[in-house]
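Only one structure is covered here, and it is reproduced in the block below.
The values are calculated or read from the model by the stated rules, or taken from the named source; none is laboratory data. All of these numbers come straight from a predicted model, not from anything done at the bench. Cβ sites come from the backbone with ideal geometry, for glycine too, and all protein chains shown count toward neighbours.
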Amino acid sequence: MAEKITHSICVGGPIAIHTVDGVIRRIRPIIFDNNDPKGWVIKARSKVGGAQDAEYTPNRKAQPAFIALTEKNRAYSYDRIRYPMIREDFVETPDGKNRNTENRGKSEYRRASWDEALDLVAREIKRLQATYGKETITACTGSHHSWGLVGYKLSTFARFFRMLGYTEIKDNPDSWEGFTWGAPHTYGYYWRLGGTEAFDLLEDALQNVETMIMWSHDPDTTRGGYAGNESTMWRHWLDDMGVQFIYIDPYNNFSSVKQADKWFGPRPGTDAALCEGIAHVWITEGLYDKEYIAKHGHRFDEWADYILGKGVDKTPKDPKWAEEETGIPAADIKALARRWATTKTMGGSGLRGGFGGVCRTANGTEFARLMVQLFAMQGMGKPGQNIWSGTTGAPMDYNFWFGGYSDPLSQIANQPIADKTAVNPVTQKLYRPNVPDAILDGHYEWYGEGFCGGGIDLEFTEHIYPEPGYNKVHMFWRYGGTFMGTMLDTNKWIKMYQSPELEFVVNQDIHFHGEARFADVILPACTNLERYDIGELCNSGNGGYQSHSQTGNSWQVVVFQDKAIEPLWDSQSDYWIFAQVAERLGWGKDFTEGRTELDWCKRFWEKSDLCERISWEDFTKKGYYVAPVPENWERHPGFRWFAEGYPCDTPNHKPFQEEGKLGTFTGKFEFVSESLLYFAPDDEARTPIATYKPSWEGHRSIKARKYPFHLITPHPRFDYHTQHNSSTPWIWEIPENRKYIEGNPYLVARIHPEKAAEKGIKDGDLILLFNERGSVLCVARVTYRVEVNTIHAYGSSGIYNPTVPGEASMDIGGCVNILSPGKLMGSKVPGMAPNSTLLDVVKYEGEVPKTQYFEYKLDKVALQADPDAETCVEIIEGHGFEKIQAKVKAAYVGKVSE
Amino acid sequence: MANKIMVQHLFKLNGLYKEPDGKVLKIVLSEVYNLRCFEVKDGNLTGPLIKIHPESDRAKALVEA
Amino acid sequence: MRLGIAVDSRMCMACYCCFTACKDEHCGFASKLSAAQPMMGQFWIDVREWERGDNSRKIKTATVPTLCAHCTDPACAKAAKNDAVYKREDGIVIIDPEKSKGQKAIADACPIGAVYWNEELEIPQKCTMCAELLDDPEYLSYLGDAKLKKPRCVEACPNNALLFGDLDDPNSDISKYIASQRLTQLEALAGQETNVKYLNVPTVFLAGTVYYPAEQEEVFIGAKVKVEVDGQTFETETNYFGDWEVEWLPKNKDAKITVTADGYKPVSYSAKTDADHYVDSTYLSK
């Protein structure tokens, strides 16, 4: 019985993997041993108002989210794509027409060999490129497929497609929308997509803060992005020392309900009005840092006049006015404003301060700008006064560099990791949220580069599809994840897939997720436990837009993501798949440069500081490296340089910051935005003065008469980027997540008792969420935790289960984004606004479908290949998992003894 | 309090700099407090990640290429 | 030596790490001491969450990871025949997966529902405190320190809500911690001595807000609130939001609440502590 310990990381954090006889036995957190370095020690108060005589240090382990502990299940999951598959009624017609595309999503699949599948893919690529040009192929990934610098979408996927030449699909900054498109016009930081710098602010908070404003923020759910549970203890420390936590969220979320001293539930989409109400109190009562604003504010008085009712609308944005919009009593708004202003207050929106569901609303940009303005008014950057939302800013050794996934230096697509940088010759683009519109309409136009970290001007670049001189797209290669639960008005993806415009569709994924079932060819990829990779905990890239996201961890950990087991069934690594296609296209050697995945891992070790800290042998043997924080580490608190007037000394800053300037035209906080006046003076969504505007799909729109509820679909607690929740039935047994009824895990949707009573809905009933775009069947959670007009259901469902496969029909999988508007935030603001959705709900008394709809397609192919195969139901409910492990073990032991 | 040695202040990100021995270095990182470069040969980035302290003699000898 | 686990409900954020680690260890895998846990339907550590409050103005949740308490005098052992249930020297209670076959009474006997009946195998099953791992000298030997071995749930917890150690050693971390916290035995185990110590499980709160007369639209800071229940008196003041709250009230009693503020008429309420209540938003009058 040979037990092997290896390590890996997933979006939920780092894990230790125990493998016995070729099968994964257990997944555990990485517990540091006595050879690993000591953790940082912060000296701070033991209670608010007390002396700085307590010491804080993290637990000696890396703390993943619970979803990371289900990685074994993701590997042996019922919904693994086991074999290459080809759509049964796909016809390889020579002209690409008459291929029964209208059946995509309905058709069954047959098993194919790798050669058959890959040869077909290569033939189609050649045919399409010859007929239409390289631009006719498009491809995109999910937000996160698997962790690791080799396998990541900007690495292997990018290398392949840039070498192939293709129409790139630009991602919208989905988690940041309002902040990306709005906040830079107030204070710069476009290179952080409108988020601020949190360096060393954990220490600042522990030492100084008195009030935390957690706006649209559920840190124990969104977990600092990829930082798992690294920061949970920090918030306990603050809570225990008496810091007051104020949560503002239409849902009294999971962090709020345990730690809030006060919860405010504004009507969705009205947070900007709350900002204005707070500002009104500060201005009329003189409760803001006038000296700071005089020095650092630009055209403040003109905005103040607007707040006071001296603007064109002659309406003071007083607490009474704000109460009418938000539903929060005026008295409470005044109390909030005064508490904020009279104590040392930090806070922010969402997982790193510049996120939050609130910014994914129709006028999310205005909220983002106003929120920044509020923090500015209280002297942002002074001790205990900053945008910091409790999930970042731990001590870190900034002198240790190991790349993150968004660093061009850390991608196999580029030098120095590769010998030759892959360059895409095609300039035509598509824009992710509305790819279906572009394909179906044959025309699409939009502004901006999606992720506009390179400059404010990049928000205003103009794009049109098809680009003059280019042909339309006729092939779609979809890689990893599913948009049915994450994008907008997602029933339109069905129409897109069924359009004859798409002559050929490939899906490459680990699990048989929502979009896989629309493909002509399905290529089974393996998990990152089945291949080699290397990565660092929560490192999304130092030069990129999330600089030093590792400060969201208590530890800096680089992990050798060793191969724990061989790829299961017929699956292969993404890298192998792309290499095979490249080979068939005649550039296999250029793609791989003769390197195996393990070779690439070593390149990352070599071309970073890691090789100076630990040998390759030691690193691969131990499996991880913890970068210690020096005992007297240099502090460079975020924004302190600005508040105190010395040249900026924080990492990842721009040269003008060394002159005390912000990244705005004037170098100051712009209460009237000069950049908007310059670039988009007629922007109806982002007016030169940020103002609250009722949502175009909100309580003041005509639609509200018919669909009176707001739907919010925040980043999920029991899932991440559509992974985990779909693969692990244990998670379906969590009552706050889903309820498993007749073979289907129904998603929980939350409704206030008052509205539930009106509709005769009881806790646990099936309820139908619906509007003109579609319907989703959920399980009701009747709770006082939601704002009375709000329905809350987590987005990002990886389970898509339409009752009529291949048709826009009721979904029982929980893809609530089906109901969200496809309209982008503004004519010049290309952001998504899924939290500006109106809907109605009704107690569902119709037929309850039995079983999952796609199961039978997978089962059929599995049983074709192996009559003794474990079916989906057996794996979920029975002994299928044990059977799989027994088979794999027998094969492994057999091979070993050969 | 302030760290005066801010790399961006002294060296251009993505800039090319020549060493006395003729080696050309490309500055690839300047968000942290040490200069990080790769050697450039025939237009390609080669070799290991080179770390140069901005106040060192080696740094002082760098000339914009 | 008496091995035990401390469960701190206050620190628990219902992150489900313990729940998942336990399932990861036991679902689909038998051990020397237990049969495999079925893939669905059993929760050897069950994160019991319930909402507290009857008004959106004040809502909390109680989060209590609930596992077998490894009682000193286990009800399941009393219901067992054939020595099917035994308590080890270290205090861990084990159900023998063979001897317990057919004995549904063992599962039914548990006062907190921590023993589950496996229909297929016809055996009762529950938490083993990962004794099979603690017993195994090879388990985690690669870490080089036997002290790092813990039950899976405790190891996975990121909130310091689960602790493990020797309850007989007053200097152990777990003993010191328990001594510093509110010991709140689960109601169904009242009076029982157990190796799992439940800490800070809430009872009942009463809460409210005090405002100046409605037309002023202002919260009243510093109003005095007195809650009299079951012969005890709790006094507090409204905070910067005009909110008041009294926790840890004795359950199922009648309470009298009096709100007084200088210059205004006092206001009285009666309430019951049958459940958590938001008593009222009080608007004072002169």
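Of the strands (runs of 3 or more DSSP E) lying entirely inside region A:693-770, not one carries at least 1 residues that are in the same structural domain as residue A:369 (by TED's automatic domain parsing).
In the set (1) among the small types (Gly, Ala, Ser); (2) within 19 Å of the chain's Cα centre (by Cα); (3) farther than 22 Å from residue A:536 by Cα, residue A:188 fails one condition alone, (2).
Hey, can you tell me all the residues within region A:185-227 that are assigned to a helix (DSSP H, G or I), over 16 Å from residue A:385 (Cβ atoms) and either in contact with a His (Cβ under 9 Å, 6 or more places away or on another chain) or aromatic (Phe, Trp, Tyr) (or both)?
Across region A:185-227, the qualifying residues are A:190, A:191, A:221, A:222.
Can you confirm whether residue A:430 is within 15 Å of residue A:499 (Cβ to Cβ) and of a type in the set (A, V, I, L, M)? Judged against the criteria, residue A:430 is a match.
If I filter region A:301-312 down to residues being within 16 Å of residue A:281 (Cβ to Cβ) and among the hydrophobic types (A, V, I, L, M, F, W, C), which single residue comes out as surrounded by the fewest Cβ atoms within 10 Å (Cβ to Cβ)? In this case the residue turns out to be A:308. When you go through C:11, C:39, C:1 one by one, which is the residue that is assigned to a loop (DSSP other than H, G, I, E, B), within 9 Å of chain A (Cβ to nearest Cβ) and more than 19 Å from residue A:736 (Cβ to Cβ)? Selected residue: C:39, the only one of C:11, C:39, C:1 that is assigned to a loop (DSSP other than H, G, I, E, B), within 9 Å of chain A (Cβ to nearest Cβ) and more than 19 Å from residue A:736 (Cβ to Cβ). Taking into account only those residues within region C:189-228 that are touching a Phe, Trp or Tyr at 6+ places or on another chain (Cβ under 6 Å) and of a type in the set (Ser, Thr, Tyr), which is nearest to the other protein chains (Cβ to nearest Cβ)? Going through the qualifying residues, I end up with C:211.
A single member of C:212, C:269, C:240 is out of contact with any Asp or Glu (no Cβ under 9 Å at 6 or more places or on another chain) and farther than 30 Å from residue C:131 by Cα, and it is C:240. When each of A:822, A:814, A:764, A:826 is tested for being surrounded by 23 or more Cβ atoms within 10 Å (Cβ to Cβ), small (Gly, Ala, Ser), at pLDDT 95 or above and in contact with a Lys or Arg (Cβ under 9 Å, 6 or more places away or on another chain), the lone residue that passes is A:814. Close Cβ contacts (under 7 Å, 6 or more residues apart or on different chains) running from residues in region A:863-883 that are outside any loop (DSSP other than H, G, I, E, B) to residues that are of a type in the set (Val, Ile, Thr) comprise A:880/A:871; A:881/A:875. The residue that is farthest from residue A:751 (Cα to Cα), among those in region A:779-811 that are buried (at least 24 other Cβ atoms within 10 Å of the Cβ) and among the small types (Gly, Ala, Ser), is A:798. A single entry from A:343, A:326 fulfils the requirement of being touching a Leu at 6+ places or on another chain (Cβ under 6 Å), closer than 18 Å to residue A:260 by Cβ and within 14 Å of another protein chain (Cβ to nearest Cβ): A:326.
Only one residue in C:83, C:90, C:108 is without any contact (Cβ under 8 Å) to a residue 40 or more places away in the chain and in a loop (DSSP other than H, G, I, E, B). Which one?
C:83
The lone criterion from (1) buried (at least 24 other Cβ atoms within 10 Å of the Cβ); (2) without any contact (Cβ under 8 Å) to a residue 40 or more places away in the chain left unmet by residue A:315 is number (1). Checking region C:203-213 against the condition returns a match, with at least one residue being closer than 18 Å to residue A:333 by Cα, assigned by TED's automatic domain parsing to the domain that holds residue C:272, in a strand (DSSP E or B) and small (Gly, Ala, Ser).
Could you go through region C:53-74 and let me know if any residue there is of a type in the set (Gly, Ala, Ser), more than 9 Å from chain A (Cβ to nearest Cβ) and touching a strand residue (DSSP E or B) at 6+ places or on another chain (Cβ under 6 Å). Yes - at least one qualifying residue is present in region C:53-74. Pairs meeting the criteria (first residue in region C:14-28 and more than 7 Å from chain A (Cβ to nearest Cβ) and buried (at least 24 other Cβ atoms within 10 Å of the Cβ), second residue modelled with pLDDT of 95 or more and assigned to a helix (DSSP H, G or I), beta carbons under 6 Å, at least 6 apart or on different chains) are C:18/C:153; C:18/C:156; C:22/C:152; C:22/C:153. Within the option set A:675, A:615, being of a type in the set (Gly, Ala, Ser), surrounded by fewer than 22 Cβ atoms within 10 Å (Cβ to Cβ) and away from every other protein chain (no Cβ under 12 Å) holds for one residue only, A:615. Tally up the residues in region A:715-753 that are in contact with an Asp or Glu (Cβ under 7 Å, 6 or more places away or on another chain) and buried (at least 20 other Cβ atoms within 10 Å of the Cβ), please. So the answer is 4.
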